1. Can you name every one of the helices (runs of 4 or more DSSP H) wholly within segment 1-65 that holds 3 or more residues which are surrounded by 10 or more Cβ atoms within 10 Å (Cβ to Cβ) and touching a residue at least 24 places away in the same chain (Cβ under 8 Å)?
2. Only one of Phe237, Phe215 is of a type in the set (Phe, Trp, Tyr) and within 23 Å of Arg192 (Cβ to Cβ); which?
3. Just to check your reading of the model, which residue among Phe88, Phe76 is within 16 Å of the ligand (Cβ to nearest atom), aromatic (Phe, Trp, Tyr) and closer than 21 Å to Ser223 by Cα?
4. Name the single residue, out of those in segment 232-254 being in contact with a Leu (Cβ under 9 Å, 6 or more places away or on another chain) and within 24 Å of Asp117 (Cβ to Cβ), that is nearest to the ligand (Cβ to nearest atom).
5. What tally of residues in segment 354-385 results from selecting those that are touching a residue at least 60 places away in the same chain (Cβ under 8 Å) and closer than 20 Å to Glu303 by Cα?
6. For segment 211-226, which positions are in a loop (DSSP other than H, G, I, E, B) and among the acidic types (Asp, Glu)?
7. Say whether the condition of being in contact with a helix residue (DSSP H, G or I) (Cβ under 6 Å, 6 or more places away or on another chain), of a type in the set (S, T, N, Q) and within 15 Å of the ligand (Cβ to nearest atom) is met by at least one residue in segment 54-65.
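The values are calculated or read from the model by the stated rules, or taken from the named source; none is laboratory data. All values reported here derive from a predicted model rather than from experimental measurement. Virtual Cβ from ideal backbone geometry, glycine too; neighbours counted across all protein chains shown.
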Amino acid sequence: MPGFKLAKRLESLPPYLFAAIDKAKDEVKAKGMDIISLGIGDPDLPTPDFISDVLCQAARKPVNHRYPSYVGMLEFRRAVSDWYKQRFNVELDPGDEVVTLIGSKEGIAHFPLAFVDPGDTVLVATPNYPVYGVAVGFAGGEVRYMPLLEENDFLPDLDAVDNDAWRRAKALFINYPNNPTAATAPRSFYQRVIEKAKEFEVIVVHDAAYTEIYFDEADKPLSILELPGAKDVCIEFHSLSKTYNMTGWRIGMAVGNPVLVKGLGKVKENIDSGAFQAVQEAGIAALKRGEPYARKFRDIYRERRDVVVTALKNIGVSCRIPDASFYVWARTPDGFSSQEFVTRLLRQTGVVVTPGNGFGAPGEGYFRISLTVNNERLMEAVSRISKL
Ligand SMILES: *Cc1c(COP(=O)(O)O)cnc(C)c1O
């Protein structure tokens, strides 16, 4: 048999974040232990029925059985534009400032192919959603990581990168509300990002997947596009996955600067052929009529957050109270590295959490809890953590 060697871009991938945990999980499962999985960020609640109903009807329409448009149905892009107007007061031209994605991960992963050349530097705030670094690497770019530190409220220090590096940078990836730290970003931060980006001609990629999982009605997370001048330098990725419990559906969007949106569309035109139109029809329904459900989901996550934060405090585990996202980012107890803590927790108690260092070096000393199981199981998980 010929020995097929993987391409260097795959050979040089960092190890899969959950591989070690999956292995320990299998061992624990084999022993018959009850596992509580707080590891992966995938909502446990179902998609609202009215959205599934639209899909079922749309799936029967022959017009939807043909190739979709690679930039997405105009109707879906209009619904995105209307939703951005209503939610963020941001004006988007559905013609050239919105592109439909097969989930935002797809768009994020393809974006560097449109704008990053081999050898280009891309700034990535870390700990981070692993796709940013991998996608830049696939395009041949080099990542320069910007640490997110608790003492800076998990915002990158823009001035810690010298002007020379800013000048060389092609793009900057940021993500708020943040996965994994659950931090949010104030208007002033976005303002400074945009100023820097304009000064040094850097593309700003903002991943906004969690803007609808917030807990304070009076202080909702922003779209970076709300800031004046943002559209000169920014592309924002968003998704229906987290807002409406639609991770399995694969539907999202990229919006903002028309040159950036168009570049991404060009890559998609050559790689995929767009999202199933019946899913886009269901997505339209979600964007138009999903808000009452999104509110209900927020209430559920808020309650879960309170259960976990209170219980962690009681057992002396320190964490910030998250304003948004469905994660709690907590410090590992004294004397434990992230990996040690997580592995021991799993082996001894059957509770799965994610080691902070798996999202990047500055995540060392933290672990991430996903609030994607019910209150009862969350309480049981914290009670087991306390026994460690
Ligand atoms: C879940 C998630 C996404 C979105 O995923 P899709 O399902 O592909 O839309 C994007 N960014 C972050 C940080 C996420 O956690």
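1. So the answer is 19-30, 49-59.
2. Phe237
3. Phe76
4. Phe237
5. Number satisfying all stated conditions: 17.
6. Listed by number, the residues that qualify are Glu212, Asp216, Glu217, Asp219.
7. no
Yes/no matrix, rows are residues, columns are (1) modelled with pLDDT under 95; (2) within 22 Å of the chain's Cα centre (by Cα):
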| site | (1), (2) |
| --- | --- |
| Ser37 | yes, yes |
| Gly41 | yes, yes |
| Pro46 | no, yes |
| Val54 | no, no |
| Ala58 | no, no |
| Asn64 | no, no |
| Phe76 | no, yes |
| Val80 | no, yes |
| Phe88 | no, yes |
